[in-house]
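The values are calculated or read from the model by the stated rules, or taken from the named source; none is laboratory data. Please read these numbers as outputs of a predicted model, since none were measured by experiment. Positions of Cβ are backbone-derived with ideal geometry, glycine not excepted, and every protein chain shown enters the neighbour counts.
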Number of protein chains: 2
Amino acid sequence: MTELPSKENAFFEWYNEVLEQAFVIDKRYPVKGLNVWTPFGFQALAAMDRILRDAVAPLGYEEVNFPALIPETEFQKEKDHIKGFDRQVYWVTHGGATPLDVRLVLRPTSETAMYPIFALWVRSHTDLPLRVFQIVNTFRYETKTTRPMFRVREIHFFEGHTVQRDEQSAAQQVEKDLGSFRVIAEALGLSYLVHRRPEWDKFPGAHYSLALDIPLGEGRTLQIGTVHHYRDNFSRPYGISYEDAGGERRFAHQTTYGISERLLGAVIGIHGDSKGLVWPPSVAPVQVVIVPVPGKGPAGNLTPYAEEIEGRLRKAGLRVRTDDGPDRPGAKYYLWELKGAPLRLEVGPRESSGRTVTLVDRLGHRSQASADTLEAAVTGALERFRVELSSRARAAFLGQIEFVAAASGLATAKNVRLFGWCGAEKCGHAVDEAVGGSLLGTVEGPPPPVPGLPTDPPSCVICGATPSRWATASRPL
Amino acid sequence: MTELPSKENAFFEWYNEVLEQAFVIDKRYPVKGLNVWTPFGFQALAAMDRILRDAVAPLGYEEVNFPALIPETEFQKEKDHIKGFDRQVYWVTHGGATPLDVRLVLRPTSETAMYPIFALWVRSHTDLPLRVFQIVNTFRYETKTTRPMFRVREIHFFEGHTVQRDEQSAAQQVEKDLGSFRVIAEALGLSYLVHRRPEWDKFPGAHYSLALDIPLGEGRTLQIGTVHHYRDNFSRPYGISYEDAGGERRFAHQTTYGISERLLGAVIGIHGDSKGLVWPPSVAPVQVVIVPVPGKGPAGNLTPYAEEIEGRLRKAGLRVRTDDGPDRPGAKYYLWELKGAPLRLEVGPRESSGRTVTLVDRLGHRSQASADTLEAAVTGALERFRVELSSRARAAFLGQIEFVAAASGLATAKNVRLFGWCGAEKCGHAVDEAVGGSLLGTVEGPPPPVPGLPTDPPSCVICGATPSRWATASRPL
């Protein structure tokens, strides 16, 4: 293994190299944009899925599974939607040597697979709200540069879909979904921005689109999730209607909530450092690694002691592994720092004879604990580590957002630009051009507390009009 | 809801109807052979996946995820394999309007996706055995009649793949896989046959194929899983070789282990009855349903009591639901019998004031328990239910296998035929013809103890040659 490139100066080189060296993803699959999840990487992905499931269960979402293949006839029912996707979908045209009567689309997202069935499931107002999600592979024929987890052609995707009585209850669902995302981000130690995308950048078919964006350095951002309000834009073409309490037939309103494997890419990109991965405990494939450190004398009861510790921590529900391979301890420290284990337990003859353990977390904090209080010491150290990791990420997040008071600053700023915008499309495109990137939209809620920020949004950074709203712009990923 | 068709006289009508009425699968998706897993059905599927994961973990299998799209160039490397699948695969030919340079196959199974990567992962004998699995959607362009779970075009599929040093260690892996399947079948209360498929019916590319078959009535069987030994048939074309301890380069031997959603279909088909589904507790979406039974007087503390019970059972790790809807108790009993809940708790004023519960399992056994011993009473009742369900299935299994001593009996037998076979292909095809179905292969291990069975295999049912081996034949599903 060679030294990692500098994350600060060459983010994507660092990112590719750390994924390869830590063996999270194998990029050597012989089709561009399709990657292999290794056993190590898959454990993190599966842990992320559990976090997502746990976060949406209290909202009443139930898990389902719809087919990956969508007939062209259904796919084309909502016109804006198909326009947004028709250059991005994979077409299945043949079964064996036989041309299919109706061509099939590999789902890029599942509105058009689900909604013909929702039309059958929803009859009465008592069937509403309908709230389902699935975690599946979706497909997009990406023509841009692909990058593991950030932009791929087969995407590991959480998609929540709800059917609601009216526009207001759908809007409330959107807020609830955002609330569940706060829980998810907390578990992952991530800070993020919520944007209302400009009209011209909404999801195809949406009434409005809220996006969750994370700064990734050098003024770039990564969209890690979205929540859309569809109003009745899909329910009309797909015939999703219900009988209300008064016996009248009404079209339903709908929302969706999407989170992709990009979220795990963000975890890696945000927390990793010059030594390698840094997993938050919630998704770490190995939360605690035990490294036996033989002294110069006989090993004595070192192995049984390490086994006792491993057994107790496993019983406490932790993902723990003892590295009892032939390498010297220093090489193991190096490896498990690269692989991002949050906590290392060093167990040598001194620890064994004194029934103690030495704890070293991935940020370098070292402590001692008695074996009597092992479980509490380990869970306490993991929790302190999680909090510190979150704080560090929060500080880095704020350091990547820059208030821009005048149009001239849009081009020269090095970070994500935060400014006033009047809402006019013309001014929005002027921002795009000045930044050499994109207006991300208006900021939902209070703006991030970055230095020099006035209390109220200033006038529009382009035309000077008031009132304006807080908006941001960033460079393309 | 209407009465179910007779399972005995019209199995598939019963099967389709119970899936629809209990809302396990929605068959109304607008493409033949593609179905929707409802929230209820998906819970059973997810529970089955957990059973599979738990069964293979002790064997050292690790979970991975490979792409669903396989380039035509890789797909064609093993010639028998492609010949076995080329009329059954879906072809992806276009990305948007652009024809792809290399056409892509939607995986029918993942040998050809995984093995180019295994060739990179395996270098030395110390990398072996490599044991990975994935649970994914696979695709087959079925031209025969499709049936939910039994024969579909998108298949929920567990596939284990191992790479071994030599033929013998691969054969040992096959035995270990069979051992893990015994654990799985035990959890599901299923009895099954293990067959060595005849040469002409092996998996395309396999050295030998063992199949797990379940009798489904009227002399039919369902293949619910397979374990294959590939010898070096794939490692040679895909270049999977390793350096042995002596420094010599050798081609690896390989095995695979496949279990599809058919397994869940078998659970439904085997255990269900005239009232509907009967889930073994291990996969039941709802293991315990609590039905409050209001008396004629005031409800009193009925609701808090039911809530206490639900809370305690949930805390004990059970999947429990209280049906507090407006229907009368009898209608709820009917519904949850249809939906197959293993155990119903009836809670009325008498139970509430006496702090007892009435337990009724899905086979009709009724008992009482004190609230003090609620958890033990419920888990005990579920365990007794599981054992009885398994015994009932075992008896039905044995009743569906029939010893056939003479060729004339092959055609007239009503059940799965068990007989002697010399191993000759000519005799095998004569069996196929006589049965109007298929020779399933030779029985692995001792034959099932059905009435009238001689101790040793009799001479070949067709040609009379000895020695012969126990073999079976059944009608196509």
The listed residue being over 24 Å from A:His207 (Cβ atoms) and either in the same structural domain as A:Glu337 (by TED's automatic domain parsing) or surrounded by fewer than 20 Cβ atoms within 10 Å (Cβ to Cβ) (or both), out of A:Arg87, A:Arg28: A:Arg28
Only one of B:His125, B:His161 that is under 20 Å from the mean Cα position of the chain (by Cα), more than 10 Å from chain A (Cβ to nearest Cβ) and not β-branched (Val, Ile, Thr): B:His161
Scan segment B:142-179 for residues that are in a helix (DSSP H, G or I), polar (S, T, N, Q) and crowded, with 22+ Cβ neighbours inside 10 Å and report the count. 1
Is segment B:128-144 home to any residue that is among the basic types (Lys, Arg) and without any contact (Cβ under 8 Å) to a residue 40 or more places away in the chain? yes
Within segment B:392-477, strands (runs of 3 or more DSSP E) holding 3 or more residues that are touching a helix residue (DSSP H, G or I) at 6+ places or on another chain (Cβ under 8 Å): B:416-421, B:438-443, B:469-474
Hey, B:Pro204 hits all of (1) surrounded by fewer than 21 Cβ atoms within 10 Å (Cβ to Cβ); (2) modelled with pLDDT of 95 or more but one; which does it fall short on? (2)
Selected residue [aliphatic (A, V, I, L, M), surrounded by fewer than 24 Cβ atoms within 10 Å (Cβ to Cβ), in the same structural domain as A:Thr109 (by TED's automatic domain parsing) and farther than 30 Å from A:Glu388 by Cα] from A:Ala185, A:Ala245: A:Ala245
Exactly one of (1) surrounded by fewer than 22 Cβ atoms within 10 Å (Cβ to Cβ); (2) within 24 Å of A:Leu130 (Cβ to Cβ) is unmet by A:Ala46. Its number? (2)
B:Pro304 being at pLDDT 95 or above and assigned by TED's automatic domain parsing to the domain that holds B:Glu375: no
Failed criterion for A:Gly205 (all others in (1) out of contact with any Phe, Trp or Tyr (no Cβ under 7 Å at 6 or more places or on another chain); (2) in a loop (DSSP other than H, G, I, E, B) hold): (1)
Qualifying residue in segment A:133-152 (condition: farther than 30 Å from B:Thr98 by Cβ, out of contact with any Lys or Arg (no Cβ under 7 Å at 6 or more places or on another chain) and not acidic (Asp, Glu)): yes
Report whether or not A:Ala376 is under 29 Å from A:Pro449 (Cα atoms), at pLDDT 95 or above, outside the structural domain of A:Val18 (by TED's automatic domain parsing) and loosely packed, with under 14 Cβ neighbours inside 10 Å. no
Given the condition in contact with a Phe, Trp or Tyr (Cβ under 7 Å, 6 or more places away or on another chain), surrounded by 22 or more Cβ atoms within 10 Å (Cβ to Cβ), within 12 Å of chain A (Cβ to nearest Cβ) and in contact (Cβ under 8 Å) with a residue 40 or more places away in the chain, answer yes or no: does some residue in segment B:9-25 qualify? yes
Among the numbered conditions (1) crowded, with 16+ Cβ neighbours inside 10 Å; (2) facing chain B (nearest Cβ under 8 Å); (3) in a helix (DSSP H, G or I), tell me where A:Tyr115 comes up short. (2)
What strands (runs of 3 or more DSSP E), lying completely within segment B:6-112, carry at least 1 residues that are basic (Lys, Arg) and under 29 Å from A:Val92 (Cβ atoms)? B:98-106
What are the residues in segment A:62-95 that are at pLDDT below 95 and within 8 Å of chain B (Cβ to nearest Cβ), if any? A:Thr73, A:Glu74, A:Asp86, A:Arg87, A:Gln88
Inspect segment A:37-45 for any residue being more than 7 Å from every other protein chain (Cβ to nearest Cβ), in contact (Cβ under 8 Å) with a residue 60 or more places away in the chain, in contact with a helix residue (DSSP H, G or I) (Cβ under 9 Å, 6 or more places away or on another chain) and farther than 27 Å from B:Pro116 by Cβ and give the result as yes or no. no
